[in-house]
Structure formats: C-alpha cells, structure tokens
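The values are calculated or read from the model by the stated rules, or taken from the named source; none is laboratory data. The model shown is predicted, which means the values in this text are computed figures rather than measured ones. We place every Cβ from the backbone using ideal geometry, glycine too, and count neighbours over all the protein chains shown.
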Number of protein chains: 2
Amino acid sequence: MAETQLQHAREGTVTSAMERVAERENVDPEFVREQVAEGQAVIPANHHHDALDAMIIGREFSTKVNANIGASETTSDLEEELEKLHTAVHYGADTVMDLSTGGGDLDRIRQANIDHSPVPVGTVPLYEARRQVDDVADLSHELLLDVIEKQAEQGVDYMTIHAGILMEHLPKTDGRKTGIVSRGGSIMAQWMEERGMQNPLYAKFEEICDIFAEHDVTFSLGDSLRPGSLADAGDEAQYAELDTLGELTQVAWDYGVQVMVEGPGHVPMDMVAEQVERQQRVCDGAPFYVLGPLVTDIAPGYDHITSAIGAAIAAQAGAAMLCYVTPKEHLGLPEREDVRDGLASYRIAAHAADVGQGQPGARDWDDALSEARYNFDWRRQFDLALDPERAQAYHDQTLPGDNYKDARFCSMCGVEFCSMRIDQDARDAGDMDELDDETDLDASPAAETNVPPVGTHEEADVPDQSEYIDLGDRVHADDD
Amino acid sequence: MAETQLQHAREGTVTSAMERVAERENVDPEFVREQVAEGQAVIPANHHHDALDAMIIGREFSTKVNANIGASETTSDLEEELEKLHTAVHYGADTVMDLSTGGGDLDRIRQANIDHSPVPVGTVPLYEARRQVDDVADLSHELLLDVIEKQAEQGVDYMTIHAGILMEHLPKTDGRKTGIVSRGGSIMAQWMEERGMQNPLYAKFEEICDIFAEHDVTFSLGDSLRPGSLADAGDEAQYAELDTLGELTQVAWDYGVQVMVEGPGHVPMDMVAEQVERQQRVCDGAPFYVLGPLVTDIAPGYDHITSAIGAAIAAQAGAAMLCYVTPKEHLGLPEREDVRDGLASYRIAAHAADVGQGQPGARDWDDALSEARYNFDWRRQFDLALDPERAQAYHDQTLPGDNYKDARFCSMCGVEFCSMRIDQDARDAGDMDELDDETDLDASPAAETNVPPVGTHEEADVPDQSEYIDLGDRVHADDD
C-alpha cells in the first residue's frame, strides 16, 4: 500500500497535499505529481502532523526558507519555545527545525511544536539520542532507531540523518583548517573513533527507511563534512561524503521515501554554483537544502549577510531550500530580533533567486511595490514590504506625521532633490508621459500563493501568547 | 605638460601615487602604471587634496567601497559633517562622496572634508549649482562650469557628471515603471524638457575635460537613466545612455582625463553579470562603479542586504567600486548605525568578490579568522573580525566573563554540542590529527594593504570629535 507522497506520485495518484501545493505554487497538480514521482521535489508531510498546510521543496518551485528553533541548555520552557515557533512563522519561515538539545522536556516541546505548526517540522534525532547517554560512545544502534521511530510517530515531517559520514572519510579531514563543524557529524565521528565501527546511521539506513516509509518522514541527508571555512570548501572529505549521500538517495528512493540533501556551509563565491551543480548531478536532482553558504569567514556579527549572498547564488543555481543564519551565528544564541533579521535576509535571497530564475509571478511583488513607491503611496508601500513594521518605523523615524503618508518625498533626499518628484513634474509639464499602469496582483500567477504579495506569512494556526499558556497547562495535564 | 595620473602613466612615468598604490595592493608599480595608462584603473587624486593617501579603483585591484555623506536640508553643521566623515572612514569606506544638498555652508563643509579626508572625496557639482537658482530651468552653462571649476580647485578627487542623458533618450523612459530615479538625472531631464535644449553637461563636456585635466579630477560618469526598479532594468533608455557614456569615456581619455562609469541600481540577479560585461565592452574597460544593484524591490528597511547581494555578484563579474546602500534607503536619512550596517554589508560584498576572483592574499584574512575560531581564541577572533566591537558585543551578550574568552564553546550550541570541541576531543583521543598550522599574515601578500587583516581602516588622519570643534572654529575664523 502506498504510504508516502513519493509512492502515491509514482502510482499516478494526485494526493490532496499535491493539490494544495499546486494551488500555493500556481502550477498544475500533475506537474507537482511528476516532480515528486521523479524525486525532484519533496512534500514533507508526516501522516501524524494534522496542523500542516502542505508545501513543496524542489528546484522548480519557489525557493523555501527554514528557520531553526529549539530549546538549549539554558532555555527551556514550553511557552518560550512556542513563542519561537510563532516568531519564525510570523516572519515567514517555510519550515522550522526543532534543534532542541537541552533544557526541559524535549518530547513535550517537540509535540507542542508539531501540534501547532502549519509548516513542516524537522528535527535531528541524534541530538535527543545523545542526551540520553553519558558518553558519545554509549550510543547504540537500538537507541538511535528507537528515538527516530518515536519522533516519526510524533509527526516530525523531516529528519536530518547523519548517515553519509563514514570511517574511511575521517582521515580526509586531517588537513582541514576547521575540522568537522556539523554537530551531528562531530558526534558520529567521535563515535566511530571510539568504537572503531562504521557509522550506525549508515549501517542501519535501510531500517530507518522502513520507519520513514511507514509515517512518510522525509530524509534530510546531513552533510557532516561540510566545510566550516572557505579553506575547507570542496575538499576531498566533503565530496567523498557527497558521493555517499548520492548512494543513500538511491536507497531511500528504492524504499519509496522522499529525500532532500543538505549542503554547505562556507564556500567562496566562485564555487557556490558548481557545488550546487555537483550535488544535483551526484544525487540525481534530489532537492538541495543549503545552509548559507557563507561566502567569507571574516564577519562574525554579520553572518546573516555573508550567508544570504551565498544563499541567493545557490538558489539561483538550483538549491531548493535555504536554512537561515542569524547575526549571532558563531557567537551566541539568537534572540527574537536576530530571528527577524535572519529570516528577512533569507526571504530576500530566496525571492531574488525566484525572480532571477523567472519563477512565474515572482516579480509581480516587486512591480507592485515599485509602483506604490513611484506613486508616493507610502501606506501601500509599507503594506507590500517584506517587513511592513520595519519599513514604516524607518520612514516614520524622521517623518512620523499622517500628512507625510502621501508626501511626494521622504527625508532621504528631501522635497527639492527627490528624483521621482522632479521626474513626475517634468512629465506633467512636458512631453514625457505620466505613467499610471498598475500591476494587478489578483490576476497575477502569484496570487494566493504563500509568498507574495503579503508582508507576512499566514499565521492563523499559530497560537498567540495567551494561548500558549493554556496549551502549556494542557500539555502539563496530559503528562500527569 | 603631464597633469594627470593618466598622462603620466602614458608617458611611462611611475608617480609617487602609483608607488603608494602598488604598496597598498601588493603589486608591481609597473602593473599599476599600465592599468592606469590603459584607462583600466583610476587613481582619483586631485592636486590640491594634500591629506589624501592614494588608492586605486580598477577591476584588477581589490574591490573598493564608497560611502555617501553630506548635509541635507535639515542637518547642517560642520562638526556633524566631519563626524560623518570620521564614521565612514572608521567603518572602512575607501572613498566618500559629499552629497550635500542643503543646510549650512556647503563650500565650507566640502573644504573641511577635503582637508581632513585620507580617502578620495567625490561630489555631484550639479547639486550645488541647483541650490544657486530658484528654478531648474535657470541653470546656465556658465554656472555649471563655474561650480565644477571651483570644486576642482578645492581639491575634489572625482565628480559625478550627468552628461550621458540626452534629449533623444527621454521618450525612451515613457514606458518605465519608476521613471528617472537619479537625482542629477531628473534635474537634467527637467532642464531639457523646459529649455528644449540638449544636456548642458554634454554640450560643455570638452570644457569640463579641460578643467579636470588641469587639476586631475576623475570623471564618474553618472548613470541618469539607471533603473529604479527591476522592471526597468536593461531597458532601451538605460542602454542608450550607456552608449553615450562609452563615447564620453573616449573623449575624456583624449583629454588625458581619468574616467570611471556609474552603474545601476535595481537589477534582477540573472542580469547583473551581463550588465557589468556590457559596460566593460561599451566603455572599453573603464572602471565600473555600481550602486548596489538591488536584486529585489520588496524589502525597504533591508536594502543594504538586497543590494549587497547584487554588489557582490557585480564585483565578482568585474565591477571595481561599490557605492553602499544603507538600511534607510528609500525611507529616510541614514544615521550612524545605518552607516555602520551599510559599510559592513558592502565590505563583505567587496571582500567576498575579491576572494572569489582569487585576488592575491585576499583569503588569508578568512583563513586567519577561521584558525582563531577553531582554536577558540575568542580575543583574536574579535580582533580579526570585520567589526570587532559588534562581534564581541554579540558574544558577550550571553557569556560576558573574561573566563569565557578561551572557553571551548559559546552559547550558540553550548559545551556539550559544540562541534569544534567534539571534533578536537576526537582528534586528541583517536587517529585524527590535531591541527595547529597558522596563517602567517605578516608573510601574506595581503600584509600592509588597506584591507585585511585589520578590523577597521586607518583613521589616524581623521580628527576625533574634540578636534572637529577646534577645526570648526578655525574654519569659521578663516571665513571671517
């Protein structure tokens, strides 16, 4: 019996998730089915994730952005974690990864996230397994499978599985400047060093496939050997693991399981496109889910920007989803404003690439905002902005009055030197035509999608803060 | 008699400015001379700018960043303007443009900037001319030449001259979504509309060349018809003006005057590289000085990021200098923190492109920082960071204590899940080698340059705030 979107697609069935995705992307449902059937796109949709509004990740669709959330060793409570979910969805995350590593009851937090998230929830089950043992070497094959199965039953839509790093790859990292920078990868490497055995996630990969097929969990094949510095980009270690990920992609497909593949990291600008092309070739077009990449190592405090440059180029070259990086990367735990800045940077990268690739309707959003700008319709300009609150706050900092909301200038150039005001006056006076064509967003292929032309994503299904508290109480009660 | 760097270079003379530039860029002085002689690079160095530390702009050299400063209608005093200069140089501007349009004595402010700036100072003389007449149509050929000559005598190193926009181009803008968005361009267009005559800066271009040759002012040929939205990018109007800029480049070269050419603006990602290549072809390799470009119109409040993506791609494709954009672009006047964010974004774009192009020594900075990161040497990591203050502030927000400055983790992942800590422990315990190679920055080709490996630029010649006050008094006194 077909259990996964991939299996349904291969059998020629257009599922309700595919219908929904087609609607959101403004494409034909049959096209969605074909892309899923061929493994060129995934619809992460665990059978048990009832709150999910289905979405698709693939190079032929709009570029998606993931935000990482989760409890760390120092933060813990459920309310705070649901607030993070709310923030991520509010600022436009297309998926979230619950990367909780400590503090509080991780099962409860994960279940609450799944119960309330309209976007797919991803996890790294290795983190939970690691927390259950004193020493890395104590991790057993059984424990890893148990944790994976439990999370699959909870409704996790996709999981990062660090199965691609093998014993024979480890010596290839000896000459590296920054060693192994994937958390899961470093844990697997240490395990292999101490136990002298092959990677258990690789050894048990087919059993994991069975679990994933049953619940329709999508693989996110972890890139344990991604470069953590420009110096290490594209080295033998990275590409040896990529070859293994290509093999594992085929195995997962044989089991009817959906797959995406994770990518770097830190990569010089001139290598970004070739890295995407290589992954697409080695992994037969399985969607590429990249972290950045950062195109320089020199700017801690600004890595949302160093990496948005790389992410835009990667998306333009065919990456399907971008994992965001916040300004606090390499330095500390992000806070709410960091999440906001990180998501804005990545939605910019994703949208710029969609426009650059000519995704149907993508540019309508730009056109509508530019028209509002040229018409000095400040309110519409704010409404259409990626981050309406910030756009208005910056404008109102110098010209707060209501009377400035249709003023034919802003404080940047002042009235006398506003080029658009001068330009329009010249057109009124002379031969140049006054323009008043309007992009009709309702008629645009982008209408009704999850991206343009709104400033924020749909968040109706995410509880607001007062609801969190009730939820917290309820989940507490359930636990008793 | 040779008056300009271009004329000297053609005669085979290596000037002291070329020597200095060669030292800063770690190249052979003869190479600098060749590049200047062929018009492929410019050394903006007005004879009267004594405080200048010579620098070079050209595609074969490190990518440069310009910051705009200047008084607007609402801000005015000299002290504040010199503070802006200080901020721009402190955060790494390679040149500054004094775009003052109002408020206060613009001559005095310009002179003070030139007297104190170690970096080239650019201006748009049309702005000052515009302020001297009630109506745009009152601008006369004589007034324009007078203002240009006076600024040349003051020591301005390069000037934006909007000579490329012609009467015959104006109808080509009729179908545009955002008309003419260059301030100078909109003024010239209005003038031509109202007077029914050809652009006076075009008509008098050879007289401007005479003035520039005498003082060695470098042309920055303005792109009056640059696109102000993605929709208008690469249209007939933009490229018609570019053809004129190509012709004017030849005229300036005939007069022995150095030239760079300004570029857009708002350009979709897929068109950025081809726009650079087209300018290089049409203008015979004259350095391209680009504003952004913004790769999407949707994100007012984040246009330092939308444009840093385009700027990095443009620099990688051969643009020589990037004019920064701050988060306040399109919304209001930037403040100090906006200048900081804008410059950081653009120095990232410039450096990423230098690394991507394989500029000699560029990546040494990245390598040194990555080594400090892997060694958990937090202090050295902060010192090497593009913005040391911000890097440390973000880190110390959660782990402020001195004891955390050599801690083998930060609050992002915590000690238990720090990949680099785990990786190193595994190497210590097992077969994986511990790495301790260090990039020797002193031996690097990048040593002693104006870019890496420092966190901030040389600012010794820029007065600090207390000096401004004295200076303000002195310049006041001189005026009496």
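For the reader, a short list of remarks on this structure follows.
- Some residue of region B:243-255 being modelled with pLDDT under 95 and more than 9 Å from chain A (Cβ to nearest Cβ): no
- Subset of region A:387-409 [in contact with a Lys or Arg (Cβ under 6 Å, 6 or more places away or on another chain) and facing another protein chain (nearest Cβ under 7 Å)]: A:Tyr394
- Tally, over region A:256-294, of residues that are among the charged types (D, E, K, R), free of Cβ contacts under 8 Å to residues at least 40 places away in the same chain and away from chain B (no Cβ under 14 Å): 2
- Checklist (1) surrounded by fewer than 24 Cβ atoms within 10 Å (Cβ to Cβ); (2) aliphatic (A, V, I, L, M); (3) not in a helix (DSSP H, G or I) applied to B:Met260, failing item: (1)
- Close pairs from region A:13-41: first without any contact (Cβ under 8 Å) to a residue 60 or more places away in the chain, partner among the polar types (S, T, N, Q) and crowded, with 24+ Cβ neighbours inside 10 Å, Cβ under 8 Å, at least 6 apart: A:Thr15/A:Gln5; A:Ala17/A:Gln5; A:Met18/A:Gln5
Yes/no per residue for (1) within 12 Å of the chain's Cα centre (by Cα); (2) assigned by the TED database to the domain that holds A:Pro334; (3) modelled with pLDDT of 95 or more:
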position: A:Leu52; (1), (2), (3): no, yes, yes
position: A:Ala71; (1), (2), (3): no, yes, no
position: A:Val96; (1), (2), (3): yes, yes, yes
position: A:Gly102; (1), (2), (3): no, yes, no
position: A:Pro120; (1), (2), (3): yes, yes, yes
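- Any hit, region A:329-337, residues being surrounded by fewer than 24 Cβ atoms within 10 Å (Cβ to Cβ) and part of a helix (DSSP H, G or I): yes
- Options A:Ala314, A:Ala308, A:Ala286: the member that is crowded, with 24+ Cβ neighbours inside 10 Å and under 15 Å from B:Tyr302 (Cβ atoms): A:Ala308
- Filter result for A:Gly228 (out of contact with any Ser or Thr (no Cβ under 9 Å at 6 or more places or on another chain), touching a residue at least 24 places away in the same chain (Cβ under 8 Å) and either farther than 18 Å from A:Pro125 by Cα or of a type in the set (Ser, Thr, Tyr) (or both)): no
- If only residues of region A:166-187 that are hydrophobic (A, V, I, L, M, F, W, C) and over 24 Å from the mean Cα position of the chain (by Cα) are counted, the one that is nearest to the other protein chains (Cβ to nearest Cβ) is A:Leu170.
- Boolean, B:Gly228 is in a loop (DSSP other than H, G, I, E, B), touching an Asp or Glu at 6+ places or on another chain (Cβ under 8 Å) and not β-branched (Val, Ile, Thr): no
- Yes/no for B:Asp146 being assigned by the TED database to the domain that holds B:Gln190, more than 18 Å from the chain's Cα centre (by Cα) and within 26 Å of B:Ser62 (Cα to Cα): no
- Taking the numbered list (1) part of a helix (DSSP H, G or I); (2) of a type in the set (D, E, K, R); (3) more than 8 Å from chain B (Cβ to nearest Cβ) in turn, A:Asp425 passes all entries but (3).
- Residues located in region A:295-320, provided they are more than 7 Å from chain B (Cβ to nearest Cβ) and either in a loop (DSSP other than H, G, I, E, B) or touching a residue at least 60 places away in the same chain (Cβ under 8 Å) (or both): A:Ala315, A:Gly318, A:Ala319, A:Ala320
- Here A:Thr63, A:Thr13 are screened, and the one residue that is surrounded by 21 or more Cβ atoms within 10 Å (Cβ to Cβ) and in the same structural domain as A:Ala319 (by the TED database) is A:Thr63.
- Matching entry among A:Asp377, A:Asp366, A:Asp354 (being at the interface with another protein chain (Cβ under 7 Å from one of its Cβ atoms) and either over 23 Å from the mean Cα position of the chain (by Cα) or acidic (Asp, Glu) (or both)): A:Asp366
- Filtered by the rule that a residue be among the β-branched types (Val, Ile, Thr) and either at the interface with chain B (Cβ under 7 Å from one of its Cβ atoms) or out of contact with any helix residue (DSSP H, G or I) (no Cβ under 9 Å at 6 or more places or on another chain) (or both), region A:410-422 gives a lone residue, A:Ile422.
- Test: residue in region A:315-334 that is charged (D, E, K, R) and in the same structural domain as A:Ser100 (by the TED database): yes
- In the set A:Arg373, A:Arg408, A:Arg380, only one residue is crowded, with 21+ Cβ neighbours inside 10 Å, of a type in the set (Lys, Arg) and outside the structural domain of A:Gly58 (by the TED database); that residue is A:Arg373.
- Scanning region B:239-250 for residues that are under 24 Å from B:Asn66 (Cβ atoms) and in contact with a helix residue (DSSP H, G or I) (Cβ under 7 Å, 6 or more places away or on another chain) turns up B:Glu241, B:Leu242, B:Gly246, B:Leu248.
- Wholly within region B:3-69, helices (runs of 4 or more DSSP H) carrying at least 2 residues that are touching a Leu at 6+ places or on another chain (Cβ under 8 Å): B:29-37
- Pairs with Cβ under 6 Å, 6+ apart, first in region A:45-68 and among the hydroxyl-bearing types (Ser, Thr, Tyr), second in a loop (DSSP other than H, G, I, E, B): A:Ser62/A:Gln359; A:Ser62/A:Val451
- Of all residues in region B:16-28, those satisfying the criterion of being within 20 Å of B:Gly285 (Cβ to Cβ) and buried (at least 16 other Cβ atoms within 10 Å of the Cβ) are B:Met18, B:Val21, B:Ala22, B:Glu25, B:Val27.
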